[in-house]
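Working notes for the structure below.
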Amino acid sequence: MCLDPQAIDFLAAIAELNSPKYEDLPAAEGQEIFASQTDIFGTAPEAASQQDIEVPNGPKLRLYRAAGQGPQPCVMYFHGGGWVLGNIETHDTLCRRISVQAGITVVSVEYRPAPNDVFPAAINDCYNATQHVSDHASELQIDRSRIAVAGDSAGGNLAAAVALKARDEDSPPIHSQWLIYPITDANTETDSYHKFADGYGLTKNLMTWFWNQYVPDVEERKHPLASPLQALSLSGLPPTYLLSAGYDVLYDEGQAYAERLRTAGVPVTEQAHPAMLHGFLHTSEPFDEAVTAMTQLTSAIKDFFASEDK
């Protein structure tokens, strides 16, 4: 399928700016620039309630609660940005949309970014946050039996890693995983990496830089919590929903992860957007397809959690 016309316009506008590349900037400066791009993240709906929570010796959490009484299903959300960029604020709109449209609680996690804190700091933060929410589900008005993990890009990588760690630790119980164009492997030599290496938003050079910041030890990148596709077994993982963008260096590794999950007997549902760029759901303002994708995603979340009531 041809690249969406709005994606073509978006790429042209980015090229016209001729801004420095993130990989050519100090990480702290890149973080500031990324955080300032609120105009492309879209307008956030009002959550029924919102509160920030501090995990003892852990990350800050932001809890978005949908309207309604009683314990709600919960999605633990880990933001994207190559483990370096992004924070709770940059993904505020996306998390609000999921909470409001799916009618659930979303808990966004402010994990420690690279390069100040390298692998496995971010995974430990996300896992500990998930365990904390599970342990305190009653007081947070969350249904402990319906806690899912989710994230976009590097956040999808962290969600997959938390699901693996929770399986191996036999705690906390993970209801499902919702992976949005996730990073699943450190291999940057796939066909999609070569086809979309440059000129489609997320580049091969930028992903290489992200890996260098997050897991500077190349051998450590083979660890399944860094590269979930390298796990010896994916059996016993929760049902998985994988959203993909067709024009994305990460496309092939996402498809490979979905196939390995299926082979391991894990139920997998895919939501494909073949004409879209990586990051389109988060940088939603320029893309009509982002509205469609969010409606599909949140409807699936709502239906999947509701099926547990039947």
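Kindly provide the set of residues from region 150-177 that are under 21 Å from L277 (Cα atoms) and part of a loop (DSSP other than H, G, I, E, B), ordered by number.
Once the filter is applied, which keeps residues that are under 21 Å from L277 (Cα atoms) and part of a loop (DSSP other than H, G, I, E, B), region 150-177 yields only S153.
Taking the options A148, A163, name whichever one is crowded, with 22+ Cβ neighbours inside 10 Å and farther than 20 Å from R112 by Cα.
Selected residue: A148, the only one of A148, A163 that is crowded, with 22+ Cβ neighbours inside 10 Å and farther than 20 Å from R112 by Cα.
So, in region 10-64, how many residues would count as being over 20 Å from D198 (Cβ atoms), of a type outside the set (G, A, S) and in a helix (DSSP H, G or I)?
Filtering region 10-64 down to residues over 20 Å from D198 (Cβ atoms) leaves 26-29, 31-32, 35-64.
With the extra rule that they be of a type outside the set (G, A, S), the set shrinks to 26, 29, 31-32, 37-41, 43, 45-46, 50-57, 59-64.
Filter again for in a helix (DSSP H, G or I), leaving 29, 31-32, 38-40.
Qualifying residue count, region 10-64: 6.
Answer yes or no as to whether L11 is free of Cβ contacts under 8 Å to residues at least 12 places away in the same chain and surrounded by 13 or more Cβ atoms within 10 Å (Cβ to Cβ).
Values: free of Cβ contacts under 8 Å to residues at least 12 places away in the same chain: no; surrounded by 13 or more Cβ atoms within 10 Å (Cβ to Cβ): yes.
For L11, the condition - free of Cβ contacts under 8 Å to residues at least 12 places away in the same chain and surrounded by 13 or more Cβ atoms within 10 Å (Cβ to Cβ) - is not met.
Using the structure shown, decide if R65 is out of contact with any Lys or Arg (no Cβ under 6 Å at 6 or more places or on another chain), buried (at least 19 other Cβ atoms within 10 Å of the Cβ) and charged (D, E, K, R).
Details: out of contact with any Lys or Arg (no Cβ under 6 Å at 6 or more places or on another chain): yes; buried (at least 19 other Cβ atoms within 10 Å of the Cβ): yes; charged (D, E, K, R): yes.
Answer is yes for this residue.
Can you tell me which residues in region 29-80 are more than 25 Å from M207 (Cα to Cα) and of a type in the set (A, V, I, L, M)?
If the condition is that a residue be more than 25 Å from M207 (Cα to Cα) and of a type in the set (A, V, I, L, M), then A44, A47, A48, I53, V55, L61, L63, A66, A67, V75 are the ones that fit.
Test of understanding: among H273, H282, which residue is of a type outside the set (G, A, S), surrounded by 16 or more Cβ atoms within 10 Å (Cβ to Cβ) and outside any strand (DSSP E or B)? Give the steps one after another, and end with the answer.
Values: H273 fails: outside any strand (DSSP E or B).
So the residue among H273, H282 that is of a type outside the set (G, A, S), surrounded by 16 or more Cβ atoms within 10 Å (Cβ to Cβ) and outside any strand (DSSP E or B) is H282.
How many residues are under 30 Å from I8 (Cα atoms), surrounded by fewer than 18 Cβ atoms within 10 Å (Cβ to Cβ) and hydroxyl-bearing (S, T, Y) if we restrict to region 203-262?
Summing the residues that are under 30 Å from I8 (Cα atoms), surrounded by fewer than 18 Cβ atoms within 10 Å (Cβ to Cβ) and hydroxyl-bearing (S, T, Y) in region 203-262 gives 1.
Restricting attention to region 97-133, and to residues there that are without any contact (Cβ under 8 Å) to a residue 24 or more places away in the chain and assigned to a helix (DSSP H, G or I), which single residue is farthest from Q177 (Cα to Cα)?
Per the criteria, the residue is A121.
So which of L94, L85 is hydrophobic (A, V, I, L, M, F, W, C), outside any helix (DSSP H, G or I), closer than 19 Å to A150 by Cα and modelled with pLDDT of 95 or more? Break it down into steps so the answer makes sense when it comes.
Numbers: L94 fails: outside any helix (DSSP H, G or I).
Exactly one of L94, L85 is hydrophobic (A, V, I, L, M, F, W, C), outside any helix (DSSP H, G or I), closer than 19 Å to A150 by Cα and modelled with pLDDT of 95 or more, namely L85.
The values are calculated or read from the model by the stated rules, or taken from the named source; none is laboratory data. In this text the structure is predicted, and so the values were computed from the model without any measurement. For neighbour counting, all protein chains shown are included, and Cβ atoms are generated from backbone atoms with ideal geometry for every residue, glycine included.
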